[in-house]
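Visitor: The following block contains the structure, expressed as C-alpha cells.
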Amino acid sequence: MKPSNCDIGIILERALEQHSQTISFEPIWNKHLNNNRKIIKNKKQTVMILVAVFTFFAITSVAVAGIMRNIDKTNYSFVNDPQVIGKWESVDFVEKIDDFVPGKKSTQDNLYLSALAFIKQGKVLMSVENGNLAISAFNWTKDKLLNKQEKTASEYVIKEINGTPYMYFEWKSGDYVFRNMKPYYYVLKKVDSNDYSNYQVVHKIEDKIDYPFIDDSQMKGKWESVDFVKTIDSFKPEVSSWMGDLYLTGLSVNENGQLTITTTSGESSSLLTWTKGMIINRENKTASKCEIKEINGTTYMFYEWKSGDYTNRGMTPEYYVLKKIP
C-alpha cells in the first residue's frame, strides 16, 4: 500500500473507532484495490468518493454516539462495607467471573489498572501502569464503584479462594459507555486492610506557582466548556472531539485572581487562582496555560488540563475548550 493510501486508511479507521463503529476502512480499501487494479483512470475519483462517504459516516456517528451512550445511575447513598477497606492489586482481566483461575493469567497483555485502595467514607485511590496511588474519579459504596464524571456504576464482587480474598471489578470503559459492549472484570487480590485516609499522594511533577497577579480583561468573565482536545490547533468548532460528558463544565474568572470552576461534581474555588495567561492550582502545584482565541466571531479559551496524568505519570496535558458567555 502506498504511504498516502495508508494514511487515509489510518485516519478513517481511527475516526470510526473513536465514534463507536466496528467497521474498519483498511479491508474495504484493500478490497477496492484488488477489484480495481485495471481501472486506473477512475482510481482517484473513487478514492475521493470513499473518503467523502466514510468522513460523513464518521461525523454522523458523533451525534449518534452522544445520543446512544450508556448512562448509569450514580446517586447512591453511602453504605459501609468493612471488608473492602485496604489495598487490592490486579492479577488478571477476564471476560466472566468464573473464567478466573488463581495462578493462571488469562491475558498476556500488561494490566492497565494496577491497584485500588479503598478508604473509609467512600474515597478510592488508584494506581495505573504500576504508578503510585493517586486520587481517582471513583467513589465507593457497598457493592459498587461510582464514577460520576463518566456516569458509570460498576459492581464489585468479593470472593475468598483458598483463604485469599479476591475482588471482581466491572471495568466500564468506552466499550461499555459508547459501544454498549458487556464489561469485562479486573480481578484484584487483597494485599492489606490498612486505612489509606492519610496516604500522601506523590506528585512526580510540580510547577512553579509563585507568579504575581497580572490583570487581564480578556480572561475575566464566565466561560462554558464545549470540547476537550489534544492540541489547540486540533479544535474544530463545528465538530466535537470529546465523545463523553465534560467533567469541567465552566469557569467564572473574577476580580483580583479569584476563580470558580464548575464540574459535574459541583463548584470549587478555594485552591485555584488566576493571573494573565494562567490558572494556578496550589494544591496540586500546577500552573496551567490559558490561551484565548477568537474563531468565527466567538471567543474561546484553551485551558491546559494538568490532571494526575500530568503530575503523576508525566503525560502531555490536553486542553479544555471554553466559550465565553456574553
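Visitor: Which numbered condition in (1) crowded, with 16+ Cβ neighbours inside 10 Å; (2) in contact with a strand residue (DSSP E or B) (Cβ under 6 Å, 6 or more places away or on another chain); (3) not polar (S, T, N, Q) is the only one that LYS151 fails?
Guide: Only one criterion in (1) crowded, with 16+ Cβ neighbours inside 10 Å; (2) in contact with a strand residue (DSSP E or B) (Cβ under 6 Å, 6 or more places away or on another chain); (3) not polar (S, T, N, Q) is unmet by LYS151, namely (2).
Visitor: Could you please give the count of residues in the stretch 129-171 that are in contact with a helix residue (DSSP H, G or I) (Cβ under 9 Å, 6 or more places away or on another chain) and either of a type in the set (Val, Ile, Thr) or not assigned by TED's automatic domain parsing to the domain that holds GLU89 (or both)?
Guide: Count: 5.
Visitor: Mind counting the residues in the stretch 136-185 that are basic (Lys, Arg) and under 20 Å from ALA117 (Cα atoms)? First the steps, then the outcome.
Guide: Kept after step one, since they are basic (Lys, Arg), are these residues of the stretch 136-185: 142, 144, 148, 151, 159, 172, 179, 182.
Those left that are additionally under 20 Å from ALA117 (Cα atoms): 142, 144, 148, 159, 172.
Total meeting the criteria: 5.
Visitor: Also: When residues of the stretch 171-206 are filtered for being among the polar types (S, T, N, Q) and surrounded by 13 or more Cβ atoms within 10 Å (Cβ to Cβ), how many remain? Walk me through how you get there before you give the answer.
Guide: Looking only at the stretch 171-206, we keep the residues that are among the polar types (S, T, N, Q), and these are 173, 180, 193-194, 197-198, 200.
Next, only the ones that are surrounded by 13 or more Cβ atoms within 10 Å (Cβ to Cβ) stay: 173, 193.
Qualifying residue count, the stretch 171-206: 2.
Visitor: Checking ILE209 against (1) outside any strand (DSSP E or B); (2) loosely packed, with under 14 Cβ neighbours inside 10 Å: exactly one of these is not met. Which one?
Guide: Exception for ILE209: condition (2).
Visitor: Right, something else. Being aliphatic (A, V, I, L, M) and touching a Ser or Thr at 6+ places or on another chain (Cβ under 9 Å) is the filter; apply it to the stretch 78-111 and report the residue that is nearest to GLU160 (Cα to Cα). If you could, list the steps in order and put the result at the bottom.
Guide: Quick first cut of the stretch 78-111, residues aliphatic (A, V, I, L, M) only: 79, 84-85, 91, 94, 97, 101, 111.
Of the ones still in play, those that are also touching a Ser or Thr at 6+ places or on another chain (Cβ under 9 Å) are 79, 85, 94, 111.
Details: VAL79: 21, ILE85: 15, VAL94: 17, LEU111: 22 Å.
So the residue we want is ILE85.
Visitor: Being at pLDDT 95 or above, within 27 Å of ARG313 (Cβ to Cβ) and in contact with a strand residue (DSSP E or B) (Cβ under 6 Å, 6 or more places away or on another chain), is that true of even one residue in the stretch 236-247?
Guide: Among the residues of the stretch 236-247, not one is at pLDDT 95 or above, within 27 Å of ARG313 (Cβ to Cβ) and in contact with a strand residue (DSSP E or B) (Cβ under 6 Å, 6 or more places away or on another chain), which makes the answer no.
Visitor: Of SER114, SER90, which residue is buried (at least 16 other Cβ atoms within 10 Å of the Cβ), at pLDDT 90 or above and touching a Leu at 6+ places or on another chain (Cβ under 6 Å)?
Guide: Numbers: SER114 fails: touching a Leu at 6+ places or on another chain (Cβ under 6 Å).
Going through SER114, SER90 in turn, the sole match is SER90.
Visitor: At least 2 residues that are buried (at least 17 other Cβ atoms within 10 Å of the Cβ) and outside the structural domain of ALA134 (by TED's automatic domain parsing) in each: list the strands (runs of 3 or more DSSP E) lying fully within the stretch 224-326 that qualify.
Guide: Details: elements: 248-253, 259-263, 266-268, 272-275, 278-281, 286-295, 298-305, 318-325.
Where strands (runs of 3 or more DSSP E) fall fully within the stretch 224-326 and carry at least 2 residues being buried (at least 17 other Cβ atoms within 10 Å of the Cβ) and outside the structural domain of ALA134 (by TED's automatic domain parsing), they are 248-253, 259-263, 272-275, 278-281, 286-295, 298-305, 318-325.
The values are calculated or read from the model by the stated rules, or taken from the named source; none is laboratory data. Treat the numbers as computed from the prediction; the structure is a model and nothing was measured. For neighbour counting, all protein chains shown are included, and Cβ atoms are generated from backbone atoms with ideal geometry for every residue, glycine included.
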